[in-house]
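> The structure that follows is given in the form of structure tokens.
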Amino acid sequence: MIKTQGLTKIFKIGKKQETDLIAVDNLTLEVEHGEVFGFLGPNGAGKTTTVRMLTGLIRPTSGTAQVAGFELGKEDTNIRRNVGILTESPGMYERLTAEKNLTIFAKLYDVPDVEKSVNKYLSMLGLWERRHDSVGSFSKGMRQKLAVARSLIHEPQILFLDEPTTGLDPEASKTVRDFVEELKTEGRTIFMTTHNLDEAERLCDRVGIFQQKLLTLDSPANLRDKMFGRKVVFHLREVQPAWVGLVAGIAGVDNVEAVGNKMVVSLRDPEESNPKIINALVMAGADVQFVGEIKHSLEQIYLEMVQSNERGQA
Amino acid sequence: MKHVRTIIDKEWSEVFKNRWVITTMTMLPMLFVAMPLVMLYMTKSSLGVDLPAESAGLPGGFGAACAGMTASECTQIYLLNQFMIMFMMMPLMIPTTIAAYSIVGEKTTRTLEPLLATPITTIELLAGKGLAAVIPGVLISYGAFGIFLVGSLLLGLAPGVISYIFSPIWLLGILVLGPILSIIATIFAIYVSSRVSDPRVAEQLSGSVILPLLLVMFAVLAGKLVIDVKFMLIAIVVCALVAFGMLHLGTLIFDRENILTKWK
Ligand SMILES: Nc1ncnc2c1ncn2[C@@H]1O[C@H](COP(=O)(O)OP(=O)(O)O)[C@@H](O)[C@H]1O
Ligand SMILES: [Mg+2]
């Protein structure tokens with residue numbers, strides 16, 4: 001659905017080449033049909049610039065991309081018809097009503113039955129009662145909902161969401177997140193930028209961690225495994241020093257640490273090794289109370305990636 | 001064309017909710033119609049005795065226009081010149097105000113990006129914004145001119161003055177040159193507004209397009225210039241060329257990326 005090859009954007013700041021700003025450097029990635037893809041990166045990483053290039057708003061300095069099967073730079077009008085975008089700061093015509101705002105965009109997108117589509121999205125996002133009120137009187141959350149409606153009014157196959165929940169209160173964020181989940185079930189492809197890692201973890205099939213360059217790209221679960229391996233914690237009534245060696249000797253176990261009455265075991269394949277470990281412990285007379293996996297949050301992975309990238313650049 | 005209509009409709013529903021724009025659009029024509037009518041009424045027979053035109057002490061250039069007229073009639077024609085030129089400022093000032101608010105408004109509401117993400121072409125967008133400013137400017141000045149013409153007929157003026165008012169000079173000036181000036185003013189206003197962030201400043205800066213018109217007015221006042229049909233025709237051709245040049249330049253300058261990143 002979205003494919004890029006060496007996509008690069010350099011902003012000319014002054015006359016001299018030294019002052020050029022490389023916002024996106026050689027981005028190559030592929031987003032599948034129906035996938036929710038999270039584009040993670042700190043402020044100024046080049047996320048918005050990437051979205052703007054992929055929606056035909058600004059021209060790449062070099063590189064190519066295909067969006068919804070159309071070639072970027074050659075078939076931009078077709079791309080625009082097939083993608084929706086929720087921009088980072090989604091402005092509305094403040095003096096106009098919610099209904100009028102949507103109607104204008106429905107017409108600009110050449111939607112066949114304008115009234116029907118407008119009504120559909122007004123009610124879907126819970127704005128039906130307020131449709132005749134001017135947007136100037138709307139709360140931030142309501143504006144965001146209206147902006148989401150606007151980005152969907154032409155039923156795009158691909159939706160770009162640029163920091164869809166930044167600056168929203170928890171309730172409005174939840175509404176937007178729930179809506180993304182619903183869109184996912186409709187089979188639309190979603191490309192969302194965010195620095196809310198929790199959100200990315202919950203919604204995205206795959207995430208790319210990006211800072212000028214693509215640092216890594218995988219599903220949140222795989223990233224976790226790749227970065228930190230897997231760890232399982234065994235809560236025992238008490239830990240006897242001999243058991244540490246016992247568990248360490250079991251196939252597939254990389255490392256064992258005793259912390260108080262817990263044993264923290266690093267291992268490659270918990271599904272395979274956990275039963276053996278429990279068996280061994282029980283045979284040795286241990287009382288196993290709980291077993292659980294220690295999950296590294298995406299946040300830890302992200303911080304690790306971004307910080308080592310910054311160390312690398314310094 | 002459908003997109004252009006959508007933009008015009010959007011501009012009008014937005015910009016006509018702005019009090020300052022409405023004030024400009026109503027006060028200006030009222031003032032420009034009332035002033036010359038009051039002037040004509042006051043000077044109808046202010047000189048009492050009808051002296052020959054030469055004794056009115058007007059700049060020499062008016063000799064031809066005043067041939068066979070009395071001094072008071074000739075004074076009216078002299079003054080009418082100023083008011084007619086002022087009249088031609090209307091199709092300049094109204095679109096300037098509308099365009100300034102429409103472009104700066106788009107920037108302050110941050111609606112340019114979603115707008116540019118739609119399949120609209122930049123030409124359609126600029127045409128929509130431009131026409132949304134030009135059309136009211138032209139319609140209002142036509143309307144005001146019509147009211148002025150009717151009013152002047154009701155005042156019972158001398159036949160020479162009436163025929164001067166209805167002469168091709170001013171019909172060409174207001175009906176043909178007016179719209180062309182509107183287009184120039186609008187393109188200029190769009191350009192200026194794209195560079196500033198305060199609609200008032202945009203309006204004042206783009207208002208500078210009336211300067212050439214003021215120059216013409218002063219030249220006429222000083223008797224250095226007499227506006228005749230030939231002058232009007234030349235002005236029409238020159239202004240039309242300028243308008244075309246500006247349109248062409250506009251389509252070269254304003255592409256999507258430029259509008260999105262430079263209109264700040
Ligand atoms: N139009 C522009 N001109 C110059 N520099 C820009 C422009 N747009 C963005 N940048 C710069 O490019 C970098 C990436 O910006 P952006 O894509 O907005 O980052 P993000 O969305 O990840 O926060 C920033 O350093 C920003 O200042
Ligand atoms: Mg951004």
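> What tally of residues in region A:1-41 results from selecting those that are assigned to a loop (DSSP other than H, G, I, E, B) and of a type outside the set (D, E, K, R)? Even if it seems obvious, please write down each step before you answer.
Within region A:1-41, the subset assigned to a loop (DSSP other than H, G, I, E, B) is A:1, A:12-16, A:20, A:32-35, A:41.
Now drop any that are not of a type outside the set (D, E, K, R), which leaves A:1, A:13-14, A:33-34, A:41.
Residues in region A:1-41 being assigned to a loop (DSSP other than H, G, I, E, B) and of a type outside the set (D, E, K, R): 6 in total.
> Looking at (1) under 20 Å from residue B:34 (Cα atoms); (2) not in a loop (DSSP other than H, G, I, E, B), which is the one condition that is false for residue B:156?
The failed condition is (2).
> Starting from residues that are under 16 Å from residue B:256 (Cα atoms) and either aliphatic (A, V, I, L, M) or surrounded by fewer than 21 Cβ atoms within 10 Å (Cβ to Cβ) (or both), keep the ones in region A:67-80 and report whichever is nearest to the other protein chains (Cβ to nearest Cβ).
First pass over region A:67-80, keeping only residues under 16 Å from residue B:256 (Cα atoms): A:72-80.
After this cut, where a residue has to be either aliphatic (A, V, I, L, M) or surrounded by fewer than 21 Cβ atoms within 10 Å (Cβ to Cβ) (or both) as well, the list is A:72-79.
Numbers: A:72: 13, A:73: 12, A:74: 15, A:75: 11, A:76: 8, A:77: 5, A:78: 8, A:79: 9 Å.
Across region A:67-80, the extreme among qualifying residues is A:77.
Residues are listed down the side, and each one gets a yes or a no for (1) within 16 Å of ligand 2 (Cβ to nearest atom); (2) surrounded by fewer than 17 Cβ atoms within 10 Å (Cβ to Cβ); (3) within 27 Å of residue A:181 (Cα to Cα):
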| position | (1), (2), (3) |
| --- | --- |
| A:35 | no, no, yes |
| A:39 | yes, no, yes |
| A:65 | no, no, yes |
| A:93 | no, no, no |
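> Take region A:269-287 and flag every residue that is within 38 Å of the chain's Cα centre (by Cα) and surrounded by 13 or more Cβ atoms within 10 Å (Cβ to Cβ).
So in region A:269-287, the residues within 38 Å of the chain's Cα centre (by Cα) come out as A:269-278.
Correct list: A:270, A:273, A:274, A:276, A:277, A:278.
> Within region A:255-314, work out how many residues are closer than 23 Å to residue A:43 by Cβ and assigned to a helix (DSSP H, G or I).
Residues that pass the stated criteria total 16.
> Sticking with this structure for a sec: Considering each of B:249, B:221 in turn, give the residue that is of a type in the set (A, V, I, L, M), over 18 Å from the mean Cα position of the chain (by Cα), closer than 30 Å to residue B:262 by Cβ and at pLDDT below 90. Quick ask: steps written out before the conclusion?
On the way: B:221 fails: closer than 30 Å to residue B:262 by Cβ.
Criteria check complete, one pass: B:249.
> Checking residue A:44 against (1) of a type outside the set (S, T, N, Q); (2) assigned to a loop (DSSP other than H, G, I, E, B); (3) more than 16 Å from ligand 2 (Cβ to nearest atom), which test does it fail?
Residue A:44 satisfies all of (1) of a type outside the set (S, T, N, Q); (2) assigned to a loop (DSSP other than H, G, I, E, B); (3) more than 16 Å from ligand 2 (Cβ to nearest atom) except (3).
> Please go through region A:9-26 and give me each residue that is in contact (Cβ under 8 Å) with a residue 40 or more places away in the chain and either farther than 15 Å from residue A:62 by Cβ or within 14 Å of ligand 2 (Cβ to nearest atom) (or both), ordered by number.
So the first thing to find is which residues in region A:9-26 are in contact (Cβ under 8 Å) with a residue 40 or more places away in the chain, and the list is A:9-10, A:22-26.
Scanning region A:9-26 gives A:9, A:23, A:24.
> Quick one: which of A:77, A:103, A:49, A:64 is closer than 14 Å to residue A:193 by Cα and either part of a helix (DSSP H, G or I) or hydroxyl-bearing (Ser, Thr, Tyr) (or both)?
Of the residues listed, the single one that is closer than 14 Å to residue A:193 by Cα and either part of a helix (DSSP H, G or I) or hydroxyl-bearing (Ser, Thr, Tyr) (or both) is A:49.
> Now for a separate question. How many residues are touching a residue at least 40 places away in the same chain (Cβ under 8 Å), surrounded by 17 or more Cβ atoms within 10 Å (Cβ to Cβ) and within 13 Å of chain B (Cβ to nearest Cβ) if we restrict to region A:114-143?
4
> Mind telling me which of the residues A:96, A:86 ends up being within 10 Å of chain B (Cβ to nearest Cβ) and without any contact (Cβ under 8 Å) to a residue 40 or more places away in the chain? It would help to see each step written out before you state the result.
On the way: A:86 fails: without any contact (Cβ under 8 Å) to a residue 40 or more places away in the chain.
After ruling out the rest, the residue left standing is A:96.
> Looking at region A:170-206 only, could you name the residues that are among the β-branched types (Val, Ile, Thr) and within 16 Å of ligand 2 (Cβ to nearest atom)? So that I can check it myself, show each step before the final result.
Of all residues in region A:170-206, those among the β-branched types (Val, Ile, Thr) come to A:175-176, A:180, A:185, A:189-190, A:193-194.
Those that are among the β-branched types (Val, Ile, Thr) and within 16 Å of ligand 2 (Cβ to nearest atom): A:193, A:194.
> Another one. Can you tell me which residue within region A:163-210, out of those that are of a type in the set (Ser, Thr, Tyr) and outside any helix (DSSP H, G or I), is nearest to ligand 1 (Cβ to nearest atom)?
Residues of region A:163-210 of a type in the set (Ser, Thr, Tyr): A:165-166, A:173, A:175, A:185, A:189, A:193-194.
Filter once more, keeping what is outside any helix (DSSP H, G or I): A:165-166, A:189, A:193-194.
Numbers: A:165: 15, A:166: 10, A:189: 20, A:193: 6, A:194: 10 Å.
Only one residue fits best here, namely A:193.
> Being surrounded by fewer than 19 Cβ atoms within 10 Å (Cβ to Cβ), at pLDDT below 85 and under 27 Å from the mean Cα position of the chain (by Cα) narrows it down to one residue among B:86, B:42; which is it? Outline the logic, then answer.
Working: B:86 fails: at pLDDT below 85.
Result: B:42 is the single residue among B:86, B:42 that is surrounded by fewer than 19 Cβ atoms within 10 Å (Cβ to Cβ), at pLDDT below 85 and under 27 Å from the mean Cα position of the chain (by Cα).
> Also, I was wondering about something else. Would you please name the residue that is nearest to the other protein chains (Cβ to nearest Cβ), looking only at residues in region A:46-58 that are free of Cβ contacts under 8 Å to residues at least 40 places away in the same chain and on the phi < 0 side of the Ramachandran plot?
Per the criteria, the residue is A:57.
> Then there is this: Every residue in region B:1-20 that is over 8 Å from residue B:128 (Cα atoms), part of a helix (DSSP H, G or I) and basic (Lys, Arg), please.
Within region B:1-20, B:2, B:10, B:19 meet the criteria.
The values are calculated or read from the model by the stated rules, or taken from the named source; none is laboratory data. Model, not experiment: these values are computed from the prediction. Backbone-built Cβ (ideal geometry, glycine too); neighbour counts: all protein chains shown.
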